[in-house]
Every structure is written in C-alpha cells, then in structure tokens.
1. Can you tell me the Rg and the Dmax, both Å, for the Cα atoms in segment 342-437?
2. May I ask you to evaluate 6.51 cos²θ - 1.76 cosθ + 1.60, the Karplus curve with θ = phi - 60°, for each residue of segment 37-54 and list the ³J(HN,Hα) values in order in whole Hz, giving x for glycine and proline?
3. Of Lys92/Lys189; Lys55/Lys92; Lys50/Lys169; Lys40/Lys169; Lys169/Lys284, which pairs sit farther than 22 Å apart, going by alpha carbon to alpha carbon?
4. Order these by the 10 Å Cβ neighbour count, fewest first: Leu208, Leu264.
5. Quick query: amide H of Gly315 versus all other amide H atoms, modeled in the peptide plane; which residues come in under 5 Å with a sequence gap of 5 or more or a different chain?
6. Going by the alpha-carbon gyration tensor, a ≥ b ≥ c the square roots of its eigenvalues, is segment 23-101 rounded (a/c under 1.5) or, if a/c is not under 1.5, prolate (a/b greater than b/c) versus oblate?
7. So what are the ³J(HN,Hα) numbers for segment 252-263, from phi and the Karplus equation (6.51, -1.76, 1.60; θ = phi - 60°), rounded to whole Hz, Gly and Pro as x?
8. Cross-link partners among aspartates and glutamates for Lys200, C-alpha distance below 16 Å, same-chain residues fewer than 8 apart left out?
Amino acid sequence: MKLKMALPKGRLLAPTAALLERAGWGLDGYSDKARLYRLKSRVFPGLQAKMFQEKDIPIQVAIGNYDLGICGLDWIQEQLVKYPSSAIIRLKNLGFGEGAIYAAICTDALRGNQLITRDETVRLASEYPNLAESLAQKLRLKRFSVYPLWGAAEAYPAENAEIVLLFCKNEEELAGRGMRSLGKVVDFKAFLIANKESLKSKDMSALLTSINEHLQQTVEYLSDDYAPHLSFLTQRVVPQAVDSSTVRLALPDGHQQVHVRRILDAVGISLDDYPSSTGNRRPKSSLEGFSVKVIRPQDMPLQVANGNFDLAVTGRDWLTDHLYQFPASPVRELIDFKYGRVRIVAVVADEVQVSTTEELRALRQNRDTPCRVAAEYVNIADDFARVNHLGAYRIIPTWGATEAFLPEDADLLIENTETGSTIVRHNLKIIETLFESTACLIGGTTLEPNQVKRERMESFVSLLKRAVAALT
C-alpha cells in the first residue's frame, strides 16, 4: 500500500530527521543540504516522502494530497481556526520544536486603560492572519484590521501596527527583538498529523508504531483552546507620534540588501547596520526626515497601498501580484533599479507532453479534474489560469520550494527563475515566460499634501535615479 508523507524544511528539519533515523526509516537525503525534495525509504518501500515548507503541510494533509505530515501546532491551528472542519487529525505531540505565538508590542508603547474599549482601529499584523482575526474577535475589539505578512512582524509596531502575533521560543527571545509580550496565543510543539480519511482506509500501523517507540520522552496533547487569558486585556497600546513630514521608507531584507546598499552608497547616503548581522530592522540613515524599516519585499505593495509606508524597495513581481488582486490600488513603480532580474514563468513536469500554454490548454480540455496551479504569486497564477482558459482550476498557495509540488501535488507552477537551472534539476520545463521582474522603488499614486514631505520624497527619488544611471 502506498503512503505519502509531508516532511518539514526549516526549523523542524533537524529534530524530525533525528527522530526518523531513530525510528529506522532509512530515509536518504533528508537534510538541510538536500537538492531534491523527494525522499526514498530503504525500510518502507511503499512510502513516498517529500519535503515542504512547514506552513504548506497542514493544507496538503487536509486536502488529502498526503496521508501523514509533521509540522508545528501553530500552523495546524492557523488552518483549523479558519477551516475547523478540515480533515486533519492530530496524532501525536512529538515533544520537540517548542515555541509559542505571542501577542506583542514595542516595549515603550504601552499605556494604561483598556484596549478592548479603544474607539480607534486596532491594527494586528502577523504571518498568522487567521489566528490574529480570531483573537481580535474573541477580545471583542470594536474596530480592527488584520495585515497578513510574509514575516518580520517585529518591524511593524508601533508605527504600523498596535499588536503583532509572532513565533518565539520564549519571552527572552522576544525581548531580544525589542518586543514586550502581552500574552501567549498558542503554546506549541511539533505534531504528527494525518488525513482523516487516510487514517480510516489505510494501514499506517508500522510507521506510527516506529515513531511512537522512539520518542525521547512521554508527551501529552495540548488543549484545543488556543486563546488564553491574555494579560493585555487591561492595557492600551498607544502608537508613537510621527512627524507628518517624516518620509517612511521600507527597505528589503534578504539577498536584495547588498544591491540596495550599493545604490545608496553611490549617492552618498549612509545607512548604519544595513545589512545587519544582528537582525536590526530599524537602521539609522543620513537622510534628514526619513524613518527607515526593514521588512519583507512581499509585504511592501500592500503596506504602501495602506499608507503605512511612503516609499519601498521591492520587486516588480510582487507589485504585479498585488495589482492583479487590487487593480485600483494607489501604488505604482517609480524607479526600475535594473538588478535582481528574474523571469516569472509557467512550468510543468518534463513528463507532460506539452511545450506551450496553448498545448496545455488543449490537453486540459478533456480533463474532468481541476487544473492545480501552485504558486507563491497566487494572484498572478489566478490571472494566468483564467486568461488562458485552462478550464476548472484550483490555486494552491505556497511559501517557497514550489518546484517540489510537481508532478504529484500540482499540474502547473507559476514560478520565478534567474537561470532556469533549478527548474531543470527538478525535471521540470518552462512552457511560457509571463514577464521579467527587477527590483524597483514603489510609492503612492496620490499627491502628498505635506509640502516638506513631498519635497523630501522627490529629492530622494531623483538621487536614486542618478545612482541607477551611474551604475548601469
């Protein structure tokens, strides 16, 4: 009997690999250096295992693509709080990967009074938007907005959000990020989960017994009631005052930082601790009247559109994805930086006998099942499937490692590639290039009413245009 298991990358990879080695699974290549995501077992020939980003695993198990999976309870609860009837069974607390989701705020932003009686909108930002919304409802906040993030939630308080929900191992780690805990929302460890129907119809006894016998300690289930008695029910969050003429600039984290620094250096703009070896997300600059934060490029278009930032350095791919979802969004490209060039492409498995989108459309015409399209760019993917008349389709959101989904868990990918080598290495092929993306500066489409701020922004844009001209 064939059994399919989803295994985590990232924070849980090492302890999960150690557990499965003790359990004698004989998995080849399950390590952080793995170049391919499909794993074979020397002990269980019927087992098909694949590596995923951890947050993708609950939905893959819930929809029945995988019989078993290992991931943190935080991502399970993020799934279940919005889709409580999901076909996920929590089989075993594995006793490692401990941590918590904390509701938190900047240390110096707390005042007295009651948050729940606040008349102004309370802004919550998090990678866990479903848990954030559920928390706001349980607290009976009068008005609230939830900002879904790709990460770096600690950068948002107090100017851009009153409360953030984020993962930390403990309050000491939270304090090290410049945050103060207002209370735990979820206390969790890694869990072994199963698809409800698979558990009824398939014999998993050998796999489950081997894991259970080799856990290092006895572990208990956690309570289903994830919302605790939060300590901030009697507190109020007061945003820090920001001068209305201050320009709020968002710079990217990750690999783009070196390129951004090169452009800033070319026009004599100094920026302390960027890139940062300590994870500092508030670097100091020589720009008078500017406030700088470091956040994820994926989040920038929505943040600029919402007015949380005035200018941001992101990629045209993320701006395009945002505009496909919100065509009238008040955000636009101001400068093409001409670096970080990638292609956004449509990809299928080598074994699929098509070489163009037209051929894929013809192939799909006779299929009864929906075309499964996996992508980080969910709005670009939705537009592509609809415009190209692929028939019934289903968008599968991913958070990286998208190439792992073909061919078992998706029929088509919308992916970015620089050289195409990763696509070829995973036995995939490109059937269409949608567009090219480079890094860019984005800003709002409306005229800034504050003259001082407007002049600062115009001067900054002019400086960067000169730097791009000098460097290209």
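Please treat every number below as a calculation from the coordinates, not as lab data. These numbers were taken from a predicted model, which means no experiment stands behind them. Cβ coordinates were reconstructed from backbone atoms using ideal geometry, including for glycine residues, and neighbour counts include every protein chain displayed.
1. Over segment 342-437's Cα set, Rg and Dmax evaluate to 11.9, 35 Å.
2. 9, 8, 10, 10, 9, 7, 9, 10, x, x, 8, 10, 10, 9, 8, 9, 4, 4
3. From Lys92/Lys189; Lys55/Lys92; Lys50/Lys169; Lys40/Lys169; Lys169/Lys284, over 22 Å: Lys50/Lys169; Lys40/Lys169; Lys169/Lys284.
4. Neighbour counts put them in this order, fewest first: Leu208, Leu264.
5. Correct list: Cys440.
6. The shape class here is prolate.
7. x, 8, x, 5, 6, 4, 4, 5, 4, 4, 4, 5
8. Candidates past the 8-residue exclusion: Asp67.
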